[in-house]
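The values are calculated or read from the model by the stated rules, or taken from the named source; none is laboratory data. Everything quoted here is computed from the prediction, not taken from an experiment. We place every Cβ from the backbone using ideal geometry, glycine too, and count neighbours over all the protein chains shown.
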Amino acid sequence: MKNINRIAIVRLSALGDIVNSAVVLQFIKQKYPNVSIEWITEEVFSSLLINHPFIDKVHPLNLKKLKTEKSFSHLKETINYLKSLGSFDLVIDIQGLIKSSIVARIVSKNTHGFSKDSTREGLASLLYKTTSVIAYDENIVRRNCFVVSDGLGFKIDDEMILNKEVIFPHLKLKYKTKYNFSKDKKNIAIVIGASWESKKYTKEKVVELCDKLKENCFIVWGNEQEKNEAEYICKNSNYAQLTPKLSLSELVAFIGEMDLLIGNDTGPTHMAWGQNIPSITLFGPTNSRMIYETKKNLSLKSPSDVDLFKIDKNDFSIKEIKVDDILDYARRLLNV
């Protein structure tokens with residue numbers, strides 16, 4: 001491997017994927033302590049990466065504006081901005097989509113990504129100079145670590161991942177007194193949202209879970225619909241309380257204060273693993289490929305089968321996960 005001085009990582013979205021990709025930063029720095037790392041991402045997620053100790057520069061893009069407004073001037077502006085970033089020894093596309101590969105290729109000819117058969121949008125591989133071969137159904141964290149380490153000529157093994165440092169060490173919770181943390185009970189975050197309805201555990205079962213836990217349960221919400229559901233849970237359980245509206249960086253810092261997080265297959269749930277906080281992830285139409293399980297990061301899957309190449313968004317089997325099974329996992333992780 002030639003000298004590596006400046007690299008760029010392309011991971012545009014989404015929240016959970018940013019978490020599962022950013023784990024590579026500490027390993028790159030261990031291997032190449034003097035390398036300059038830059039990150040290209042959607043603007044909405046840039047707050048997580050700005051001021052990260054291992055990232056020298058964050059390049060936020062607003063690609064959604066291109067889709068919604070179909071603005072030629074914004075397209076031209078985005079392309080010119082990407083071209084202006086200068087020379088990189090390597091640009092690594094961790095996302096593996098056509099749009100992310102186009103971004104990577106505009107930045108540099110020195111691109112690396114997944115091979116044609118290693119990603120859902122195989123055409124993306126045509127825009128890479130070099131590629132890595134790994135099964136699409138392999139664990140997402142292992143995939144991300146492999147495509148980066150393979151491109152840079154070193155290895156990231158399971159022991160390194162298991163012993164990782166927190167992924168976002170720069171995000172600390174300010175003004176802790178505004179949160180009703182308990183000194184006597186365990187502080188548990190419950191993430192009730194998800195990208196589609198069938199990934200969500202029912203609010204009625206969340207109420208039952210809070211009542212059986214009998215701990216200090218924070219109900220985490222991200223939009224008005226989720227807030228309404230969170231208010232229902234808090235109204236019907238004496239052990240549940242509503243979290244305030246949190247920015248992405250505040251959310252990461254808040255999760256870092258928890259004794260346990262329980263949630264659906266969604267970004268905030270993945271944050272617990274990222275920040276080395278015990279967690280239980282609930283899966284219905286998706287599966288545990290999306291998380292890296294450890295002794296303190298567990299998952300529960302509904303009985304349904306999952307086809308990764310054709311996810312069934314009408315699979316509501318997550319409601320079949322028993323509250324008592326979640327409770328058993330929670331007690332194990334909390335040692336109560």
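Okay, residues lined up against (1) in a helix (DSSP H, G or I); (2) within 23 Å of His270 (Cα to Cα); (3) assigned by TED's automatic domain parsing to the domain that holds Ile255:
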| residue | (1), (2), (3) |
| --- | --- |
| Leu75 | yes, no, no |
| Leu82 | yes, no, no |
| Gly96 | no, yes, no |
| Ile102 | yes, no, no |
| Val147 | yes, yes, no |
| Phe154 | no, no, no |
- Taking into account only those residues within region 232-260 that are under 19 Å from the mean Cα position of the chain (by Cα) and small (Gly, Ala, Ser), which is surrounded by the fewest Cβ atoms within 10 Å (Cβ to Cβ)? Ser247
- So which residues in region 261-301 are of a type in the set (Asp, Glu) and surrounded by 24 or more Cβ atoms within 10 Å (Cβ to Cβ), if there are any at all? Asp265
- Message: On the basis of being modelled with pLDDT of 95 or more, in the same structural domain as Leu63 (by TED's automatic domain parsing), closer than 20 Å to Val35 by Cβ and outside any loop (DSSP other than H, G, I, E, B), does Phe88 make the cut?
- Response: no
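Results for (1) loosely packed, with under 13 Cβ neighbours inside 10 Å; (2) modelled with pLDDT of 95 or more; (3) within 20 Å of Leu298 (Cα to Cα); (4) out of contact with any helix residue (DSSP H, G or I) (no Cβ under 8 Å at 6 or more places or on another chain), shown as yes or no for each residue.
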residue	(1), (2), (3), (4)
Leu162	yes, yes, yes, yes
Lys185	no, yes, no, yes
Ile190	no, yes, yes, no
Leu209	no, yes, yes, no
Ile219	no, yes, yes, no
Glu229	no, yes, no, no
- Task: Could you tell me which numbered condition Tyr201 fails, if it satisfies all but one of (1) in a loop (DSSP other than H, G, I, E, B); (2) touching a residue at least 60 places away in the same chain (Cβ under 8 Å); (3) closer than 26 Å to Arg142 by Cα?
- Result: (3)
- Phe168 fails exactly one of (1) surrounded by fewer than 19 Cβ atoms within 10 Å (Cβ to Cβ); (2) at pLDDT 95 or above, namely (1)
- Any chance you could count how many residues in region 111-132 are over 19 Å from the mean Cα position of the chain (by Cα), outside any helix (DSSP H, G or I) and over 20 Å from Ala22 (Cα atoms)? 5
- Task: Kindly indicate whether any position in region 249-264 is under 21 Å from Cys145 (Cα atoms), at pLDDT 95 or above and not polar (S, T, N, Q).
- Result: no
- Task: Could you tell me whether Lys212 is in contact (Cβ under 8 Å) with a residue 24 or more places away in the chain, part of a loop (DSSP other than H, G, I, E, B) and over 23 Å from Ser288 (Cβ atoms)?
- Result: no
- Note on the structure: Being under 30 Å from Asp56 (Cα atoms) and touching a residue at least 60 places away in the same chain (Cβ under 8 Å) narrows Lys178, Lys172 down to just Lys172
- Selection from region 254-291 of residues of a type in the set (A, V, I, L, M, F, W, C), in contact with a Ser or Thr (Cβ under 6 Å, 6 or more places away or on another chain) and part of a loop (DSSP other than H, G, I, E, B) yields Ile291
- Message: I'm trying to understand the selection: among the residues of region 292-307, which are closer than 20 Å to Asp325 by Cα, without any contact (Cβ under 8 Å) to a residue 60 or more places away in the chain and not in a strand (DSSP E or B)?
- Response: Glu293, Lys295, Lys296, Ser302, Pro303, Ser304, Asp305
- Do any helices (runs of 4 or more DSSP H) lying entirely in region 1-60 carry at least 1 residues that are under 18 Å from Gly113 (Cβ atoms) and at pLDDT 95 or above, and which ones are they? 15-22, 24-31
- Message: Which of the numbered conditions does Ala135 fail, given that it passes all the others? Conditions: (1) surrounded by 13 or more Cβ atoms within 10 Å (Cβ to Cβ); (2) within 23 Å of the chain's Cα centre (by Cα); (3) without any contact (Cβ under 8 Å) to a residue 24 or more places away in the chain.
- Response: (1)
- Query: Looking at Gly122, Gly86, which is the one that is out of contact with any Ser or Thr (no Cβ under 7 Å at 6 or more places or on another chain), surrounded by fewer than 21 Cβ atoms within 10 Å (Cβ to Cβ) and at positive phi?
  - Reply: Gly86
